[in-house]
1. Can you say whether residue 196 is open to solvent by 30 Å² or more (accessible area, probe 1.4 Å) and outside any helix (DSSP H, G or I), as far as the supplied structure shows?
2. Within the range 214-243, track down each residue that is more than 12 Å from ligand 2 (Cβ to nearest atom) and in contact (Cβ under 8 Å) with a residue 12 or more places away in the chain.
3. Which of the residues that make up the range 32-52 are within 20 Å of residue 176 (Cα to Cα) and surrounded by 18 or more Cβ atoms within 10 Å (Cβ to Cβ)?
4. Pull up the range 12-22, narrow it to residues that are more than 18 Å from residue 99 (Cβ to Cβ) and either aliphatic (A, V, I, L, M) or surrounded by 24 or more Cβ atoms within 10 Å (Cβ to Cβ) (or both), then point me to the one that is farthest from ligand 2 (Cβ to nearest atom).
5. I'd like to check something: does the range 136-144 contain any residue that is among the small types (Gly, Ala, Ser), open to solvent by 10 Å² or more (accessible area, probe 1.4 Å) and more than 8 Å from ligand 2 (Cβ to nearest atom)?
6. Has the range 205-212 got at least one residue that is crowded, with 18+ Cβ neighbours inside 10 Å and hydrophobic (A, V, I, L, M, F, W, C)?
7. Pick from 159, 74, 130: which is touching a residue at least 12 places away in the same chain (Cβ under 8 Å), among the hydroxyl-bearing types (Ser, Thr, Tyr) and within 14 Å of ligand 2 (Cβ to nearest atom)?
8. Any residue at all in the range 158-166 that is part of a loop (DSSP other than H, G, I, E, B), at negative phi and surrounded by fewer than 14 Cβ atoms within 10 Å (Cβ to Cβ)?
Amino acid sequence: MNIQTIMVIGAGQMGSGIAQVASVSGFQVLLHDTSPEFLNRGMQAISKQLSRNVEKGKLTPESMAEIVSRIRPTEFVEHAEQADFVIEAISENMALKALLFHRLDSLCPPHTILATNTSSLPISEIAAVTGRPEKIIGMHFMNPVPVMPLVEVIRGLETSQEVFEVVYGLSQRMGKTPVEVNDFPGFVSNRILMPMINEAIFTVYEGVASIESVDKVMKLGMNHPMGPLELADFIGLDTCLSIMEILYDGFKDSKYRPCPLLRKYVKAGRLGRKSGQGFYSYQE
Ligand SMILES: CC(=O)CC(=O)SCCNC(=O)CCNC(=O)[C@H](O)C(C)(C)COP(=O)(O)OP(=O)(O)OC[C@H]1O[C@@H](n2cnc3c(N)ncnc32)[C@H](O)[C@@H]1OP(=O)(O)O
Ligand SMILES: NC(=O)C1=CN([C@@H]2O[C@H](COP(=O)(O)OP(=O)(O)OC[C@H]3O[C@@H](n4cnc5c(N)ncnc54)[C@H](OP(=O)(O)O)[C@@H]3O)[C@@H](O)[C@H]2O)C=CC1
């Protein structure tokens, strides 16, 4: 399949990272979000990241200009009619994703593959709202996208072998290592990572140790690059809570119950780095 234009939907931390990596890999990129403000924020994040690479001498200013010029921000989801491949990276919410996939199915040409970057939602359920379930697939990048080598590739019940191979090859072209996993809540990455983060939150909730101490134990004792609470802030506490809810709902097993402290923080608008406050404060 000849992919020329990739549309990325959602210009948050994942969408902007995916758009950057797709453009670096030579694709024309359409980056869509619902408001100009979010689009600007996403484009600024891309420019900031690429500028750092220019400062480090890893990229020339000319190459940076080319990479940025290949990314076209758009407020109009209708531009999906120009896309050969769509990667959805909107909030982790089934109702929102279902609405969007239904719309994309009606807008995109028949050859267009619709991939989702969902962290935990069932691919087959997303596919069911479209008339092209064979072209729906999970393509789960890790955060920060330009740095992390893994892409989990998840087939839905109806995903075709051809589509699977396209996504596998595309991940490699984007400099990533694809790993096939099956369509179960949280796939592999978040089925293992998120209960660890949730348990770290319980240790703070139950007064076993302070936030800083929990992170120190995991960084110095287990050699993790970030402590679990720092990582939760980095991922986004709203995303962490959504993933725990999806695991809990999907398996009906109490070991996946989200910690009340996580729920409390999200309800209070403490979403981690992206809101300026989570377990740590990020006020400038
Ligand atoms: C929730 C899900 O569904 C799945 C997930 O994604 S779970 C989250 C998975 N991600 C992780 O676990 C990340 C854990 N953290 C880390 O690996 C590291 O702390 C980190 C890579 C983020 C930063 O590494 P560090 O050594 O502390 O910092 P630093 O030296 O500044 O950065 C290392 C490199 O990463 C780059 N980098 C750091 N943060 C970045 C960002 N947000 N975006 C892009 N690049 C970034 C830096 O530019 C630097 O690049 P070079 O080596 O080319 O110079
Ligand atoms: N954060 C992480 O570490 C990882 C997240 N993921 C997954 O990637 C997806 C995005 O996560 P992340 O980037 O962190 O989230 P963010 O909250 O940073 O970004 C999501 C963006 O999507 C926008 N959006 C919401 N609904 C729509 C819509 N219908 N059309 C267009 N844009 C929309 C949001 O705007 P608004 O603010 O208005 O809602 C926001 O700008 C989620 O499915 C998440 O689970 C996967 C791997 C890692």
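1. Here the answer is no, as residue 196 does not meet what is asked.
2. 214, 215, 218, 227, 228, 229, 230
3. Once the filter is applied, which keeps residues that are within 20 Å of residue 176 (Cα to Cα) and surrounded by 18 or more Cβ atoms within 10 Å (Cβ to Cβ), the range 32-52 yields 46, 50.
4. The extreme case among them is 22.
5. no
6. Taking every residue of the range 205-212 in turn, at least one turns out to be crowded, with 18+ Cβ neighbours inside 10 Å and hydrophobic (A, V, I, L, M, F, W, C).
7. 74
8. Looking for residues that are part of a loop (DSSP other than H, G, I, E, B), at negative phi and surrounded by fewer than 14 Cβ atoms within 10 Å (Cβ to Cβ), one finds none in the range 158-166, hence no.
The values are calculated or read from the model by the stated rules, or taken from the named source; none is laboratory data. Note that this is a predicted model, so its numbers are computed, not measured. All Cβ positions, even for glycine, are placed from backbone atoms using ideal geometry, and neighbour counts span all protein chains on display. What goes into the accessible areas is simple: the full protein's heavy atoms, side chains included, and nothing from ligands, DNA or RNA. Shrake-Rupley method; radii C 1.70, N 1.55, O 1.52, S 1.80 Å.
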